[in-house]
1. Within a 10 angstrom radius of the beta carbon, how do 28, 233 rank from fewest other beta carbons to most?
2. Where both residues lie in the range 210-313, what percent of DSSP beta bridges are antiparallel, nearest 5?
3. Where does each of 18, 214, 272, 45 land when they are ranked from fewest to most other beta-carbon atoms within 10 angstrom?
4. Can you tell me the relative contact order of the range 120-186? Whole percent, Cα pairs under 8 Å, sequence separation 6 or more.
5. Using packing as a proxy for protection, rank 130-141, 108-119 so that the peptide with the highest average count of other Cβ atoms within 10 Å comes first.
6. Using the Cα centre of the range 210-313 as origin and beta-carbon charges of +1 (Lys, Arg) and -1 (Asp, Glu), tell me which of 277, 240, 261 is placed farthest towards the positive end of the dipole.
7. With θ set to phi - 60° and the Karplus curve 6.51 cos²θ - 1.76 cosθ + 1.60, what are the ³J(HN,Hα) couplings of the range 27-38 in order, to the nearest whole Hz, using x for Gly and Pro?
8. Compute, for the range 210-313, the length of the dipole vector about the Cα centre, with Cβ point charges of +1 (Lys, Arg) and -1 (Asp, Glu) only. Units Debye, rounded to 20.
Amino acid sequence: MTDIYLEQNLTELREGSMIPPAPPGFKSGFVGIVGRPNVGKSTLMNQLVGQKIAITSPIAQTTRNRLQGILTTPEAQLIFVDTPGIHKPHHQLGKVLLQNAQIAIGSVDVVLFLVDGSVPSGGGDRFIVDLLTPIKTPVILCINKSDQQPADYQVLDENYAQLAAPHNWKSTKFSALTGQNLEVLLQLLITQLEPGPYYYPPDLVTDQPERFIMGELIREQILFLTREEVPHSVAITIDLVKEEAKITRIFATIHVERDSQKGILIGKRGSMLKSIGSAAREQIQKLIAGKVYLELFVKVQPKWRQSRLRLAELGYRIEG
């Protein structure tokens, strides 16, 4: 399933001989990963593609943008679409994220419905079941966090089986964190795909530009280091990337909603901002495989999550 924008990109890539012809019997398709916040969607995608492209955090609602990870095997090419955690929105940003998740559900070839197998199902899971029930796209119920299940895990597994049974959804269980049983999931996915071409060059792991990943890596460290003090009222813009012979210089702005949040991010004598920058720099150096100089600025944008204009300026739009 491809839109006009993707078709244009594919044509340009193929004309430049960057995408080879697929061998006989090759399969390909788009796989949407949906679930409640903090069930391990980004961890799963990172594990599947073998590289960190999506940020993870113990704080719920980490993912905001519809991020695509690409896994190419000798048998198939799978494009994973990581969506924001589905929950009732509380502000304009939440509405945009929910709508983008719903768009993703309707534009993929297979849906992975990810649940937290270490706890019983709840209202949030049933809400997603209701969203998935009308669609004709194949759904696989994925019971994650098998490594964290209690001794009486059979009760939990049966609890989730009851969600899938009325819809005849296939199901599987694994640990996205350790990688246990992911090969079973992968083979199950491939059986659901139709024969198709390479959509992207075989060595590509994401369709997102480096600047986007850089911004996400900075935001990840903010979530880790500030936890609940500065919640999800944070957005990152990469203002300048200057590549020099021996170092890449990056200048970025952290946008918050209140002066108090700016104070927390900067910290006493700049200590917090220094910690965020140091930790983010280490992650970005792994991304670009080179030395990085990172300079961060903090700017107050009052109520940016409530403003469609501010959301658009910061890169949060309804996706087609």
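1. Working: 28 21, 233 16.
Fewest-to-most Cβ neighbours within 10 Å comes out as 233, 28.
2. 45 percent
3. 18, 272, 214, 45
4. Computed over the range 120-186, the figure is 37 percent.
5. The peptides rank, most packed first, as 108-119, 130-141.
6. My answer, from the dipole projection, is 261.
7. Per residue, the Karplus-derived 3J(HN,Hα) values read 10, 7, x, 9, 10, x, 9, 10, x, 5, x, 6 Hz.
8. Value, rounded to 20: 200 debye.
Computed from the coordinates by the stated procedures, all read-outs in this text should not be read as laboratory data. This is a predicted model, so every value here is computed, not measured. Because the Cβ atoms are built from the backbone with ideal geometry, glycine has one as well, and the counts that use them run over all protein chains shown.
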